[in-house]
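Visitor: This is the structure, below, for whatever I ask next.
No value in this document is a laboratory result; all are computed from the given coordinates. The structure displayed is predicted, hence computed values, not measured ones. Cβ placement follows ideal geometry from the backbone for every residue including glycine, while neighbour counts extend to all protein chains displayed.
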Amino acid sequence: MGQERGRVALGIAGVGTVGRGVLELLLVQKETLSKKAGVALEIVRVVDRDAEQKLSGLSNLGGLDVSSNLEDLLKPDVDIVIELIGGTQAAKDLIFGSLEKKKSVVTANKALLSSLGREIFELAQKQGVGLGLEASVGGGIPLIEVIRNNLVANRLDGLYGILNGTSNFILEAMTQKRIPFEQALAEAGAKGYAEADPTLDISGKDTAHKLCVLLGVALDFWPGLGAVYTEGIERVAELDIAYGADLGMVIKLLAIVKRVGRSIECRVHPVMVPERHLLAHVNGAFNALYLDLSCTGPLLFFGQGAGRYPTASAVVADTVAIAGGLARGVYALRPPGSLDGEPSLTSVPMEEIETEYYLRYMVSDVPGMVGKIATALGNHGVSISQVIQKERNEGGERVPVVLLTHKTKERCLKAALKEIYSLGDVLGEPPQVIRIERFAS
C-alpha cells in the first residue's frame with residue numbers, strides 16, 4: 001500500500017487524447033500534486049498497444065515501465081489503476097480485476113458505467129477501495145463529486161443537461177448561420193468536434209450514457225440504457241430552427257430527469273427551450289447541467305465538457321483525492337444516492353410522460369388540410385394552443401404547417417399522429433415532433 005512505501009503508485013491504461021493529458025499533468029506537476037495529496041504520486045506503469053509511439057515527446061519519464069498488456073496493471077506494485085481505454089469488454093475486465101485485487105480505480109468510461117455502474121460501486125465498497133468517475137460526465141466540469149458530497153442535503157426535483165458538445169455545436173451552427181444539419185456536421189468535423197463516425201454523439205446515445213451515470217450517482221437509480229428514451233438531432237431542420245426563433249425558442253439536445261412521486265422520468269431528445277432560459281445560451285462545444293434542488297433551488301454548472309486537458313483535470317482530481325485517502329488510511333467511498341435516492345424508484349414509461357409539443361407538417365396546399373389534422377388531434381384529446389401557416393404555394397406543392405399543443409401525454413399524441421398519417425393525401429413526409437420544456441424554475 002502507498003502508505004507503507006511513502007508513496008502511491010499509479011498505473012495508466014490508455015494513452016489517447018485524455019491519457020496523454022493525464023500523463024502530462026502528473027509529470028509536470030508531480031511535486032505540486034503530491035503535496036496536495038499528502039503523499040508522493042508516482043506513475044510506475046503505462047499500458048497501451050502503441051505506447052512507445054504515443055509517449056514520444058514526453059520528458060521526465062524516468063524509469064516508467066511501458067507495456068502493451070493490461071494485466072500488467074494488476075501487479076502488486078500498482079495502487080491506483082487509471083482506466084482510459086474506452087470500450088466495454090477490455091475495460092470491464094480491467095476494472096473488475098483491479099477492484100478484486102483491492103486496487104482503487106479512476107475511470108472516464110461512461111458507456112461501461114451506464115450499464116454496470118451499480119455492480120462496480122458495490123464491488124468497490126466491498127473491497128474498501130476508491131472509485132473515481134468524475135471524468136465520465138461533463139469533462140472538466142466538477143459534477144460527480146459536487147453531487148456526491150456538496151449537495152447531500154438536497155432532494156433532486158429536476159435535472160436538465162447539455163452533455164454532448166458535438167450536438168450542441170451543430171445545433172448552434174444551424175441556429176446562428178441558418179445552415180442545414182449536414183453542413184453543420186461537416187463544420188463540427190473540420191473543427192475536431194465530431195468523430196469520423198459521429199453516430200454516438202448525434203444519435204443522443206452519448207448523452208444517454210452520461211445521464212445513466214448521473215442518475216446512478218444522484219439517486220442510486222441505474223435504469224440501463226434501454227430504459228432511457230433516446231432521440232437524436234438528425235431530423236432537426238433549418239425550418240424548425242427558424243420557427244423556433246419566431247416562437248422565442250432555441251432547440252437543444254437535452255438530458256432530462258424529473259421526479260414524479262416515487263418514479264423518475266429519464267429521457268434524451270431535442271427540446272425547444274425558451275430563449276430567456278440559461279440553457280438556451282450554452283453554445284459551441286460547451287456542456288451545462290441545470291439542477292432543480294429542494295434546498296439550494298436551481299443551480300447551473302457550465303464549462304468545457306470534453307477535450308484533453310479539461311477531462312484530464314477531472315481524472316487527476318480523482319487520483320489525488322483517492323491517493324490522499326489511501327495514504328492516510330481514511331478513504332471511504334460514499335455510496336450512490338446522494339440526492340434523496342430511494343431503492344424503490346422506477347422509470348416512468350415514455351408513453352405516460354406529459355409535455356407540450358411542436359408539430360410541423362408538410363401538407364398539400366388545398367382547403368381543409370389543417371382542419372383534418374386538428375380533428376385527428378382532438379379525437380385523441382390533444383389540444384392545440386397555436387397554429388402557424390405562413391406560406392401558400394399556388395403551384396400545388398406542399399407547405400409547412402406548425403401546430404403547438406397544450407400539455408398532453410405522449411401516448412395520446414402518438415395515437416393522433418397515427419390517425420393523421422393514415423390521411424395519405426395530407427402528408428408529404430412524416431411530421432416533425434419536438435417537445436417543449438418550460439421549466440419549473
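Visitor: Starting from the Cα of Ser364, step 7 Å along the direction of its Cβ; do the same at Lys30; then give the gap between the two resulting points in nm.
Guide: Going from the Ser364 label point to the Lys30 one covers 7.7 nm.
Visitor: Now, a different point. What is the fewest-to-most order of Ile241, Ile179, Ile162 by other Cβ atoms lying within 10 Å of their Cβ?
Guide: Ile179, Ile241, Ile162
Visitor: To continue, here is another question. Full-extension gain between Lys418 and Glu195, please, as 0.36 nm times their residue separation minus the C-alpha to C-alpha distance. Intermediate results must be reported in sequence, preceding the final value.
Guide: Values: separation 223, 0.36 × 223 = 80.28 nm, distance 3.58 nm.
Extending this stretch completely gives an extra 76.7 nm.
Visitor: As a test, work out the antiparallel percent of DSSP beta bridges whose residues both lie in region 208-349, rounded to the nearest 5.
Guide: Given both bridge residues lie in region 208-349, the antiparallel proportion sits at roughly 85 percent.
Visitor: So in the chain, what percent of DSSP beta bridges are antiparallel if you round to the nearest 5?
Guide: Just about 65 percent of them are antiparallel.
Visitor: Within region 204-265, which trypsin sites (Lys or Arg not before Pro) sit in a loop by DSSP and count at most 15 neighbouring Cβ atoms inside 10 Å?
Guide: On the way: sites: Lys205, Lys210, Arg235, Lys252, Lys258, Arg259, Arg262; in loops: Arg235, Arg262.
Listed in order of number, the matching sites are Arg235, Arg262.
Visitor: Taking GluC sites (Glu not before Pro) that fall in a DSSP loop and have at most 11 other Cβ atoms within 10 Å as cut points, what is the longest piece of the chain between them?
Guide: Values: sites that count: Glu391, Glu394, Glu397.
Here the longest run is 1-390.
Visitor: Moving to a separate point now. In percent, what relative contact order does region 350-436 have, based on Cα pairs under 8 Å that are 6 or more apart in sequence?
Guide: 49
Visitor: A follow-up question, please. Anything in the chain that counts as a DSSP H helix reaching 15 Å or more along its axis (C-alpha) with Kyte-Doolittle mean of at least 1.0? List them, would you?
Guide: Sorted by number, the helices that extend far enough and score high enough are 17-28.
Visitor: OK, next. Rank Leu64, Ala9, Gln53 by how far each Cα sits towards the positive end of the charge dipole of the chain (+1 on Lys, Arg Cβ; -1 on Asp, Glu Cβ) and give me just the farthest.
Guide: Toward the positive end, the furthest listed residue is Ala9.
Visitor: If you don't mind, another one. Could you give the distance between the Cα centres of region 6-51 and region 298-368, to the whole Å?
Guide: When both Cα centres are located, 27 Å separates them.
Visitor: Counting only C-alpha contacts under 8 Å and six or more residues apart, can you give the relative contact order of region 145-305 as a whole percent?
Guide: Relative contact order for region 145-305 comes out at 34 percent.
Visitor: Now a separate question. Which of the trypsin sites (Lys or Arg not before Pro) found in region 343-390 are in a DSSP loop and have at most 11 neighbouring Cβ atoms, other than their own, within 10 Å?
Guide: Those that pass, being in a loop and sparsely packed, are Lys390.
Visitor: Over the chain, calculate the relative contact order: mean separation of alpha carbon pairs under 8 Å at least 6 apart, over the residue count, as a percent.
Guide: On the way: 946 pairs, mean separation 77.5, N = 441.
Once divided by the residue count of the chain, the mean separation gives 18 percent.
Visitor: Calculated from the structure, Cα Rg over 2.2 N^0.38 Å equals which of [x] 1.05; [y] 1.10; [z] 1.00?
Guide: [y]
Visitor: Regarding region 145-305, what's the average projected area of the Cα-atom convex hull, expressed in nm²?
Guide: On the way: hull surface 37.7 nm².
Average of the hull's projected areas for region 145-305 equals 9.4 nm².
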